[in-house]
Amino acid sequence: TVIAFIILTVFAITGKCVLSVLGISLPAFRIAGGFLLFFIAFEMVFEKRQERKEKATVIAITKDHIHNLAVFPLAIPLISGPGSISATILLSGSFSSTVDRIELIVVIAVCLLVLFASLVVAERIDRFLGVTGRAILTRLLGVILAALAVQFVVDGVRSAFSI
């Protein structure tokens, strides 16, 4: 969670600068990020994401990267992956003041603290939810993420075409 916090904080602070250096407008990134988040949401709703995570974990273990599991695949890409990085850049890009970005970093820290607490008690939560509970929660959160993704695309199109 510390590594994920560092990664997301760097993108919260420098994300807009990185986009401008690469010549990518915020509306274009909003649209691309929205599509990416929608793809992740689609995988969550139709249970494709779990298969991909398991394959990534198996590959990491079989390639003798057990000592790096905290960084890959846990911190990158499972916690601070393309979806969370895109959301962080999009949110920080929509803030004009430094205070707003600091508030975003505080929110990221709080979310990651909750995540850390969840990881500590993950086995108990997993037993409590069971297979059915996990499937329901994953699909529900996938639908919410899909709605957020569509909103990113809509906002990006509005900004790009000044609708």
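The values are calculated or read from the model by the stated rules, or taken from the named source; none is laboratory data. These numbers come from a predicted model, not from an experiment. Only protein heavy atoms, including side chains, enter the accessible area calculation; ligands, DNA and RNA are left aside. Shrake-Rupley method; radii C 1.70, N 1.55, O 1.52, S 1.80 Å.
Cα atoms only, the range 114-163: Rg and Dmax in Å?
Expressed in Å, the Cα Rg and Dmax of the range 114-163 come to 16.8, 49.
Convert each backbone phi in the range 122-131 into a coupling constant with the Karplus relation 6.51 cos²θ - 1.76 cosθ + 1.60 (shift: θ = phi - 60°), then list the ³J(HN,Hα) values in order as whole Hz, x for Gly and Pro.
Along the range 122-131, the couplings run 4, 4, 5, 5, 4, 5, 5, 6, x, 5 Hz.
Which order do you get for L119, L22, L8 if you rank them by accessible area with a 1.4 Å probe, largest at the top?
In descending accessible area the options line up as L22, L119, L8.
Not counting ligands, DNA or RNA, and with a 1.4 Å probe, what is T14's accessible surface area in Å² rounded to the nearest 10?
Estimated to the nearest 10 Å², T14 gives 50 Å².
So what are the ³J(HN,Hα) numbers for the range 26-34, from phi and the Karplus equation (6.51, -1.76, 1.60; θ = phi - 60°), rounded to whole Hz, Gly and Pro as x?
Values per residue, Gly and Pro as x: 4, x, 5, 5, 4, 5, 5, x, x Hz.
Largest first, please: the extent of the C-alpha atoms of the range 67-147 along each principal axis, to the nearest Å.
Its Cα atoms span 43, 35, 19 Å along the three principal axes.
In whole Hz, with x marking every Gly and Pro, tabulate ³J(HN,Hα) for the range 11-20 from phi via Karplus 6.51 cos²θ - 1.76 cosθ + 1.60, θ = phi - 60°.
6, 5, 7, 10, x, 5, 5, 4, 4, 5
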